[in-house]
Amino acid sequence: MWINVIPHFDDFLKQLALTADERSDAEGKAERVARCLWNNYYDGEFNPGCYLKVGSYGKGTACRPQSDLDLVFLLPWPVYTRVETLSGNKQSQLLQEVKRMLLRTFPNTDLRADGQVVFAPFSTYDVEVVSAFPFQDGTFLTADTNDGGRWRKSNPIAEFEDLRAADAVSAGKATHLLQMAKAWKRECSVEMKSICLEVLVGVFVKQWIYRDKSLFWYDWMIRDFFYFLSRYVNGWARPAGSDEQIQLGDCWASKCQSAYDRALKACEFEVQDNEQAAAEEWQKIFGYQFRGRLVALRSLLALA
C-alpha cells in the first residue's frame, strides 16, 4: 500500500527545482543589474548589500521553468529628497531615471518602467527592478506610479521570515506545497496571485495535523490543502508585514474543486498501488512535470 507516493513526490519536487545553471544565471543577472545602478547612484567599491533578491526566487520557492526574477535595489535617501522636489508624478520620474541608468549597460534590452518596477526582459529571465529606500526597521519605501504617483511601504523580509517559520514547524512542507501549488496555478491557469497562495499555504501547514510527517504523506497533504483552500472562496489574504487585505474572489473556485476531486481519486489510486491511474490524476492537476514513478524509473535506467 502507498508504495508509489514517496517516489512520485520526490521526483516531482526534483522536476520543479531550479538547476544549478539556472540559479547561476539568475545570480549573474541580478548582480549585473545591481552593479549598473550602484555605479550610477553610489561611489566606491560595489557593495552587494545594495540589493535584495525577493519574490519566489529570493524565498526559495521558484519553480521550473523559471521566468522572472524580482530585485529590490536600495537607493540612497538623498535621491528621495531630490525626487520630492519634482512636480507631477514623482514616482514615474524616478522609475524613468532608473530605466535610463540601466539602458547605459543594457542598450539592446526593451526596458519598460511602469507601476512599481522597471521591467528588463532578458533572454532567460525577466528581471523586475523595484527602486526602494530602506528604513532602519527593515521595511522599504517604494515608488508606485499608479493613480498619479505615490509612495508605498513594503516588507519583503517579513514575508520571507513568515515562510521560513511555516517551514520550521512543518519540516519544510510550506516551500514544497507552495512550489506544487504554483505548478497547479500555471497548469490550470488559476487566477490567484502567488502571494495569496503563499499566505494560504503558510496558514494551512501550520495547522495541518500531519505537518511533522514525511514525504509519505504528501498525497494527503495535496488533497487536504485543496479542501482547505476551497473555504477561502470570496475570502481574503494578508501578506506578512502588510496591512493590505487582498480579496480572493471566486473565479478560481471551480478549478480548486476540480483539483480537490482529482486529488481524492489520486489518493484512492495511491492506496491501491495503481501507479498509472494515480499519476494520470496528479498530472491533470500539476501538468507534465509530474511524471509518475514509471517514467522516473525509466529515466534513471536510461542514465545508468
When you check Q66 against the structure, is it of a type in the set (S, T, N, Q), assigned to a loop (DSSP other than H, G, I, E, B) and surrounded by 13 or more Cβ atoms within 10 Å (Cβ to Cβ), yes or no? yes
Which of the residues belonging to region 197-212 are free of Cβ contacts under 8 Å to residues at least 40 places away in the same chain and assigned to a loop (DSSP other than H, G, I, E, B)? W208, I209, Y210
Does region 20-39 hold any residues that are in contact with a helix residue (DSSP H, G or I) (Cβ under 9 Å, 6 or more places away or on another chain) and either of a type outside the set (A, V, I, L, M, F, W, C) or in the same structural domain as L178 (by TED's automatic domain parsing) (or both), and which are they? R23, E31, R32, R35, N39
Being at pLDDT below 95, touching a helix residue (DSSP H, G or I) at 6+ places or on another chain (Cβ under 8 Å), of a type in the set (F, W, Y) and over 17 Å from Q116 (Cα atoms) is the requirement here; does Y42 meet it? no
In region 118-143, which residues are more than 12 Å from L69 (Cα to Cα) and not in a strand (DSSP E or B)? S123, F135, Q136, D137, G138, T139
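Residue by residue, here is whether (1) touching a Lys or Arg at 6+ places or on another chain (Cβ under 9 Å); (2) not hydrophobic (A, V, I, L, M, F, W, C); (3) not assigned by TED's automatic domain parsing to the domain that holds D167 holds:
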| residue | (1), (2), (3) |
| --- | --- |
| K193 | no, yes, no |
| C196 | no, no, no |
| V199 | yes, no, no |
| Q207 | no, yes, no |
Among the residues in region 253-265, are any under 22 Å from Q15 (Cα atoms), surrounded by 16 or more Cβ atoms within 10 Å (Cβ to Cβ) and out of contact with any Leu (no Cβ under 9 Å at 6 or more places or on another chain)? yes
Can you tell me which of D167, D144 is in the same structural domain as Q93 (by TED's automatic domain parsing), without any contact (Cβ under 8 Å) to a residue 60 or more places away in the chain and at negative phi? D144
Just to check your reading of the model, which residue among G88, G44, G60 is exposed (fewer than 13 other Cβ atoms within 10 Å of the Cβ) and touching a residue at least 24 places away in the same chain (Cβ under 8 Å)? G88
Of all residues in region 144-172 being over 20 Å from the mean Cα position of the chain (by Cα) and assigned to a strand (DSSP E or B), the one that is modelled with the lowest pLDDT: R152
Only listed residue being touching a residue at least 40 places away in the same chain (Cβ under 8 Å), β-branched (V, I, T), closer than 30 Å to E280 by Cα and not assigned by TED's automatic domain parsing to the domain that holds Q179, chosen from V98, V72, V5: V5
Could you list all residues from region 166-219 that are farther than 16 Å from Q66 by Cα and among the basic types (K, R)? K173, K193, K206, R211, K213
Need the failing condition index for S189 against (1) among the small types (G, A, S); (2) in a helix (DSSP H, G or I); (3) out of contact with any Gly (no Cβ under 8 Å at 6 or more places or on another chain), just the number. (2)
Would you point out the residue of region 199-231, among those that are within 22 Å of the chain's Cα centre (by Cα), of a type outside the set (S, T, Y) and closer than 15 Å to W252 by Cβ, that is surrounded by the most Cβ atoms within 10 Å (Cβ to Cβ)? V201
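The values are calculated or read from the model by the stated rules, or taken from the named source; none is laboratory data. All values reported here derive from a predicted model rather than from experimental measurement. Glycine gets a Cβ as well: all are built from the backbone with ideal geometry, and neighbour counts include every protein chain shown.
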